[in-house]
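Reviewing the structure listed below.
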Amino acid sequence: MRVKYLKAVLRQDVAYFDLHVTNTSEVITCVSSDSLIIQDVLSEKVPNFLMNFFRFVGSYLVAFALFWRLAIVGFPFVVLLLIPGLIYGKTMMGLARKIREESNKAGTIAEQAISSIRTVYSFVGENKTIEAFSDALQGSVKLGLRQGLTKGLAIGCNGVVFSIWAFMCYYGSRLGHVPWC
């Protein structure tokens, strides 16, 4: 898959590389990171999505079969669970993309310094290279903090789930019928 992807990238016009690629290491970095993302999606994300989707559908089918009045009351709450999840997923994907771009900048600086280590050493450019590398990492540090804050907010939104459970337990007790007894 990586070879096919690299061939597709190399088949681009020269103008593509003039506009979108600043150095050769960026092409290799993009091929590696994109193939890892594709591998992650195929090996983990799709199976997890299918499992959770069919678990959701199966749970509602069982709920309608056992206690249809409670299932109908709980059905509108699905929106309260889906919308924050979709917003969280979109935000995390955007932050991950930005973090990857910032990390690629730092990686490019490190690769250039290592590939021309004799030149860096002979012109006493170690400190300048370290400063450039540190400056390139500052963007990913800020984005990492935003990513942590977003994850914390998502965990904090579990209160919505607990509220829904509490309401469903209350309403089920008011109906007075326990189907599994």
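Readers should treat all values here as calculations from the given coordinates under stated rules, not as data from a laboratory. As the structure is a prediction and not an experimental result, all values here were calculated from the model. Positions of Cβ are generated from backbone atoms using ideal geometry, with glycine treated the same way; all protein chains shown enter the neighbour counts.
Laid out as a table, the results:
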quantity	calculated
Quotient of Cα Rg and 2.2 N^0.38 Å for the range 63-107, N being how many residues it contains	2.05
Translational diffusion coefficient (Stokes-Einstein; Kirkwood radius from C-alpha pairs) of the chain at 37 °C, 0.692 mPa s, in µm²/s	155
Set of lysines near Lys105 by C-alpha distance (under 21 Å), chain-local residues within fewer than 8 positions excluded	Lys128, Lys142
Nearest 10 degrees, 0 to 90: helix 78-115 Cα axis against the chain principal axis	10
Between 0 and 90°, nearest 10: helix 158-175 axis offset from the chain longest Cα axis	10
Longest to shortest principal axis, alpha-carbon extents of the range 126-175, angstrom	73, 10, 7
Calculated log₁₀ intensity ratio I(q)/I(0) where the Debye formula runs over C-alpha points of the range 50-139, q = 0.18, 0.20, 0.21 Å⁻¹	-0.87, -0.96, -1.00
Net lengthening on full extension, Ser43/Ser163 (0.36 nm per residue, minus Cα-Cα)	39.8 nm
Degrees, to the nearest 10: 24-40 long Cα axis against longest axis of the chain	20
Backbone N under 17 Å from the Asn52 label point (7 Å along Cα→Cβ), restricted to the range 85-109	85-96
Helix-only CD estimate at 222 nm, as mean residue ellipticity for the chain, using -39500 (n - 2.57) per DSSP H run (n ≥ 4)	-28500 deg cm²/dmol
